[in-house]
Amino acid sequence: MSENSTISIAPARLPDDIETVRGLFREYIDSLGIDLSFQDVEAELADLPGKYAQPAGIILLARDNNGEALGCIALRPMGESGAAEMKRLYVRPEARGHNLGRRLVVEIMDYARSIGYKRVVLDTLATLYSARKLYASLDFDEIEAYYDNPRTDVIYLGRAL
């Protein structure tokens, strides 16, 4: 990414952006280096936008001024009233270090608030130190697990909107 790049964040244009979203989600999943089959990610990828469909959810894409996708984030409704789950925050390696992850999180929280959500939750791996630092800087607090997860290295976070 060049220093002169302008980055825009906007909702994925569906169905046109499905393959772009699918590719970014797969890059994210592969970057974790862990087995996420318990989340049935293959079905999630096949069924996009699935639970992320608007208006209750959304997928945001970050693009440079050439239209190249640099990152993504998604939001889906939770079972509990007034809460949404933030998922699949990913910034491609070449775009890191420019606060793009922060911008994506802030944009999706703004969207969640605008459609009436009162709270947002997420999970992250304990080893994702940069992500944890980002979430702490945005006032996310540790919460109890909100779903069954076989992994023991997961941290659950939430915050009011």
Going by the structure shown, is Ala136 free of Cβ contacts under 8 Å to residues at least 40 places away in the same chain and either more than 15 Å from Arg159 (Cα to Cα) or part of a strand (DSSP E or B) (or both)? no
Of the residues in segment 22-31, those that are within 19 Å of Pro150 (Cα to Cα) and either surrounded by 14 or more Cβ atoms within 10 Å (Cβ to Cβ) or modelled with pLDDT of 95 or more (or both) number 1
Of Glu19, Glu44, Glu80, the only residue that is more than 18 Å from Ser130 (Cβ to Cβ), surrounded by 19 or more Cβ atoms within 10 Å (Cβ to Cβ) and among the charged types (D, E, K, R) is Glu44
Of (1) assigned to a loop (DSSP other than H, G, I, E, B); (2) free of Cβ contacts under 8 Å to residues at least 12 places away in the same chain, Asn65 satisfies every one except (2)
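Filter segment 136-161 down to residues that are hydroxyl-bearing (Ser, Thr, Tyr) and closer than 18 Å to Arg76 by Cα and give me whichever is surrounded by the fewest Cβ atoms within 10 Å (Cβ to Cβ).
Step one: of segment 136-161, the residues hydroxyl-bearing (Ser, Thr, Tyr) are 137, 146-147, 152, 156.
In the following step, the residues that additionally are closer than 18 Å to Arg76 by Cα were identified as 146-147, 156.
On the way: Tyr146: 16, Tyr147: 13, Tyr156: 17.
Only one residue fits best here, namely Tyr147.
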Restricting attention to segment 52-62, the residues that are surrounded by 14 or more Cβ atoms within 10 Å (Cβ to Cβ) and either touching a residue at least 40 places away in the same chain (Cβ under 8 Å) or touching a Gly at 6+ places or on another chain (Cβ under 6 Å) (or both) number exactly 7
Output for Cβ contacts, cut-off 6 Å, separation at least six or different chains, first residue closer than 23 Å to Ala126 by Cα and in contact (Cβ under 8 Å) with a residue 24 or more places away in the chain in segment 18-45, second surrounded by 12 or more Cβ atoms within 10 Å (Cβ to Cβ) and among the basic types (Lys, Arg), reads Phe25/Arg88; Tyr28/Arg88
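Could you run through segment 4-47 and say how many residues are in a helix (DSSP H, G or I) and of a type in the set (Val, Ile, Thr)?
Pass one, segment 4-47, residues in a helix (DSSP H, G or I): 18-32, 37-39, 41-46.
Checking the rest, the ones that are also of a type in the set (Val, Ile, Thr) come to 18, 20-21, 29, 41.
Qualifying residue count for the region: 5.
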Per the filter on segment 68-99, residues among the small types (Gly, Ala, Ser), over 17 Å from Ile29 (Cα atoms) and not in a loop (DSSP other than H, G, I, E, B) are Ala83, Ala84, Ala95
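The values are calculated or read from the model by the stated rules, or taken from the named source; none is laboratory data. Because the structure is predicted, anything quoted here is derived from the model rather than measured. Reconstructed Cβ throughout: ideal geometry from the backbone, glycine too, with neighbour counts over all protein chains shown.
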